[in-house]
1. Can you give me the P(r) profile for the stretch B:82-124? Cα pairs, bins 10 angstrom wide beginning at 0, each as a whole percent.
2. Take the Cα pairs of the stretch B:1-130, get the Kirkwood Rh, then feed it into Stokes-Einstein at 25 °C and 0.890 mPa s and tell me D in µm²/s.
3. Among B:Lys227/B:Lys320; A:Lys193/B:Lys256; A:Lys340/B:Lys271; B:Lys15/B:Lys276; A:Lys193/B:Lys203, which pairs are too far apart, with a Cα-Cα distance over 27 Å?
4. Taking the mean number of other Cβ atoms within 10 Å as a proxy for protection, how do you rank A:167-176, B:5-14 from highest to lowest?
5. Is any residue of the stretch B:344-376 close enough, with backbone N under 16 Å, to a label point placed 7 angstrom from the Cα of B:Ile309 along the Cα-Cβ axis, and if so, which?
6. DSSP loop GluC sites (Glu not before Pro) in the stretch B:356-449 with at most 16 other Cβ atoms within 10 Å of their Cβ, which ones?
7. Separation of the stretch B:108-122 and the stretch B:28-88 by C-alpha centroid, Å?
8. With springs only between Cα atoms under 10 Å apart, run a GNM on chain B and tell me which of B:Pro132, B:Pro311, B:Pro233 wobbles the most.
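Only the coordinates and a few stated rules stand behind these numbers; no lab work does. For clarity, every value in this text was computed on a predicted model and none was experimentally measured. Here the Cβ positions follow ideal geometry from the backbone for every residue, glycine too, while neighbour counts run over all protein chains shown.
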Amino acid sequence: MGEWRATNAYMEGPEISSISHVTISPSRHNHVPGYSFPLSRSSYSVISAFCTEDNVPQSISYLNQELAVLGLSMCIEASSAEGASLKAVPVLNTMYELLQINKRNMCALEEMEKEQLKKLSTLEHIQISNSRLKDQLELSMREKSGLHETERQLQLKIKTLQSCLKTEKEEVQKLQSIIASRASQYSHDAKRKEREAAKLKERLSQLLVDRKERKLAIDVLNSLGRSDGKRSMWKTAKLSASHESEMYKTLLGDYETSRKALILENAELKKVLQQMKKEMMHILAPRQQSTSGATAADDSQEQVESDEEKAGNTSREAFDHSCELAREQLLNSIRQQWRKLRNHVEKLDQVSQVHNQMESNKETIPLETHEDEMERMRQEVQQCREFIHAQQQLLQQQLNTSFDDETAALLNDCYTLEEKERLKEEWKLFEEQKKNFEKERKNFTEAAIRLGREKMSFEEDRAAWLKNHFLNATPFANRRRYSSSDGQSALSVRSEPEVRMSSAKAKRSKSPTYTTFSTPKPSRSSPVPSTTELYRTLRLLPDGSCSKHSNRGRWLETSTVEEGHPQIKSNLQARAEHRRRKNRYYRSALGKRKRTNTQRMSSSSNLTTMKKAVQQLRFEASINRVKVSQAAVDLQQFCLQNALQDPLLTGVSSSTNPFRPQKVCSFL
Amino acid sequence: MNFSEVFKQSNHLCKVSPDGKYLATCVQYRLVVRDLSTLQILQLYTCLDQVSHMEWSSDSLFILCAMYKRGLVQVWSLEQPDWHCKIDEGSIGLVSSRWSPDGRHILNTTEFHLRITVWSLCTKAVSYIKYPKACQKGIDFSRDGCYMALAERRDCKDYVSIFVCDDWHLLRHFETETQDLAGLEWSPNGCVLAVWDSCLEYKVLLYSLDGRLLSTYCAYEWSLGVKSVSWSPSSQFLAIGSYDEKVRILNHITWKKIIQFEHPATIDNTKAIVYKEVDRRPAVVSDELSLHNITMGSTLFSTQSKYEICPLPVQIPVVKPEPDRANPKIGVSVLAFSSDSRYLATKNDNMATAVWVWDMQKMSLDTVLEHTSAVRCVMWDPRRPRLALCTGNSKLYLWSPGGCVSVQVPAEGSFQVQSLKWHCSGDSVILLGKDQLCLCYMDTDYEEK
């Protein structure tokens, strides 16, 4: 064996490691010869061989034996008697067989090794888990002991608490008894004290009565009659009896009233009950018919009818005399009805539940749409809110500054920003022009002052002239007015606000002056268009009377015929006024919108005013527009041209002046 | 709303005659009778000492002035100013004096409640009623003036005696099942007498006129019980306020509880409206405070206030009563039904700043009025459902179902409204200050608004 081992040294490792192989080692050793055959061949020369030339037959027989043991039927035969050579075929076969066996064995071995490895790992795993479980066990054991401990402690506590409770209870009982005894003692004492007090009172009153030095007395001047006018009566049994009877009377009266009230209430309740019953029957009867089958319906109908009859009877009885029996019957019938109603309602509930389930499936889509709708509505509301908010802000701005107001108005209206800017530019231009005008105005005023002085020199001449014409003079008031308007005309050029003011002033005093002015006009040889006249012509009122319209038209015609300046000026003013009006209009429109936000547009008067405004705007739009610079130049030219005709510059010849100063009157 | 000028008074002695024509006030030892329409002095009487009690007779013809310290009662006649009557109780003393309902008898209670002396002005006769009980409300006349119920104490037991006021005939005398009777009150229809025990025990007993026990009501035991009792003017409800901060309403048929009204510190009843008085001190800038405002004096120190509707829930300030004191400041002490029995006003003592108004039709809380200071006096208009109250400052507060308002009394100096009284027509209110009084006339068209 030792030799085998030496040759197969590489096999030892697994042999030793595997315990299981120990048992089958003999068979293994049996295999080894076949296995080690190629090896031994390679080391043939080196190692003392198994077979030498001498022992060929022995070795053959030995091998045969071995092969037989292995279960191989073929045997190696010597080709010759001497046995120097072997028959090749059987040897090869046996060799092949042996090799096969070897291979198989090797495979088996490998598998076994694998298995062993696996087993080893599982073993390890099991060992680890085992140790872990052991730990856990230990832990739980410890816990258990701890819990045991706490339980014990708790039990101890409970015991102590129970004992405490017992003592407390005892104490409470003791205290209660103490309280009770004290209460009784207290009440006893109180009673004693009270008795004493009563005794004392008695004694006191007695003493007070006995003491006569200060008498209790009534001191009345004269006694009064009784409030009811009767005389008091002697106290007699009769009187007391009457008192009693009176008392009972009041009591009876009270009971009577309460009884009446109760009866009334009872009747009401009965009525309600009757109605309820009727309605119940009404509800129950047709339903039962519909729900139950024909035969059942008949039964129920009959039952209901009988109930009805019964109820009718009972109610009648109850109304006639509410005796016990009737009441019982009534109660019973009501109970029956009630039961029926309850059953019915339950049935209805069930049906409705089923119905609802059915419905709910159907109604899923509509619900969604509802939600969608709701969402949409909400959004809309939100939008509306934002809109309102924006509007409010705009309104606020408008209120804050006039400029904002204008812009807001412009923004709100269909007017574009461009237009606005254009207007601004024009405004600037206009402003410059205005400055120029003001300069010129100054010049003019200086000139006017000069003229005034000259006028003074003319006064004397005039006085003489006026004397002659005094008797033909126009009425006092008219003259006056003319002079005032004259004064206005002295200031030929005005700034924008002043223009407004004057126009407003003139507006107020317009109609009279106008008529008076128009009448003397034809008589005048040379009509001088003063600025006031210009203004007057330019007052474009939409709702003016027809006469005014015609007048205005005339004036416009004349002015256009005579020279273009009034036209220009009118344009200017018209524009200014237009703007003003526009603002007003926007404001009013805004106000209106605001109102519509809060309340509903109501009146048709609004409509008419709107129409008027629209007309006005149209009219204003139709006016030919000229640039301010042009207009100003024209105006200036006009002024210079007409300077000769201006009575302020040239003076009025006494023959043409229809208005003379009053001064002359004093001379007369 | 108009205010009269301020008149002097003392001891809060100021009463309008039952017919509503005259106003009697006491100033020290003088009795002044004024015509209410003109406020002119009609009569001036001089009593022997400082008056401690004053009362009109039911027919508005006589005025009783009691001087408890001297044991004297003086009666004055309005029709005959020289008529006089003086009743001297002598050394037995006097603690209480009152008219009988017929206005011809005077009931004087002597010191220590030894007895009640009944003096007749018709016959000068004297009669005594012995053993009256010294308690919260030991004597009560029925509304029609026919009967008088009197609590008595004999042999450590409570009794009730019912007298006929006509001739002081004892009609009924019965023992009550009380430990210590505290008070009794006739129902307005005069047929039921409510009797309640002292606060140590919650017990309300209802007796018929003939002395039969109709019912007993006990809400709980042991803790402190009844604090106040009030009948509704229709005799339909009996409201019982108790130390547990609740009001219990009994019905008049079964004498069982219909409902109980609680007074929680947090009001979250969505049906109730809570009005809160809000102070608005005039904003004073420091430099402006100088001379200008000081000269204005009264306006500087008076504060503007108004009622504001509070969003629910509202927390009402609660004062915890001291546990070791007797008569703890807790529980419902004021119960007042409006004249039409529609509303009930209550005041809980540990929430002294709040007045609760309950709707008796809906049986629910209607309004809570919360003030900046403790409420002193709560009175219903005798004609309309209108409540007037004062909190000891210079304002008059009014509530009606339509809303509420606080009005500054425009009197010179500091007029602090301590108490108030309605005129029987409900057109004016008498506001009583410390030693002054002032009339407040309601606008007649106030109602229509």
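1. 28, 55, 17, 1
2. Result for D is 163 µm²/s.
3. On the way: B:Lys227/B:Lys320 17 Å; A:Lys193/B:Lys256 37 Å; A:Lys340/B:Lys271 38 Å; B:Lys15/B:Lys276 31 Å; A:Lys193/B:Lys203 24 Å.
Among B:Lys227/B:Lys320; A:Lys193/B:Lys256; A:Lys340/B:Lys271; B:Lys15/B:Lys276; A:Lys193/B:Lys203, the Cα-Cα distance tops 27 Å for A:Lys193/B:Lys256; A:Lys340/B:Lys271; B:Lys15/B:Lys276.
4. Numbers: A:167-176: 10.5, B:5-14: 17.6.
The peptides rank, most packed first, as B:5-14, A:167-176.
5. Those under the cut-off are B:366-370.
6. Details: sites: B:Glu370, B:Glu412, B:Glu447, B:Glu448; in loops: B:Glu412, B:Glu447, B:Glu448.
Filter output for the stretch B:356-449: B:Glu412, B:Glu447, B:Glu448.
7. Each part reduced to its Cα centre gives a spacing of 19 Å.
8. Among B:Pro132, B:Pro311, B:Pro233, the largest mean-square fluctuation in the Gaussian network model of chain B belongs to B:Pro311.
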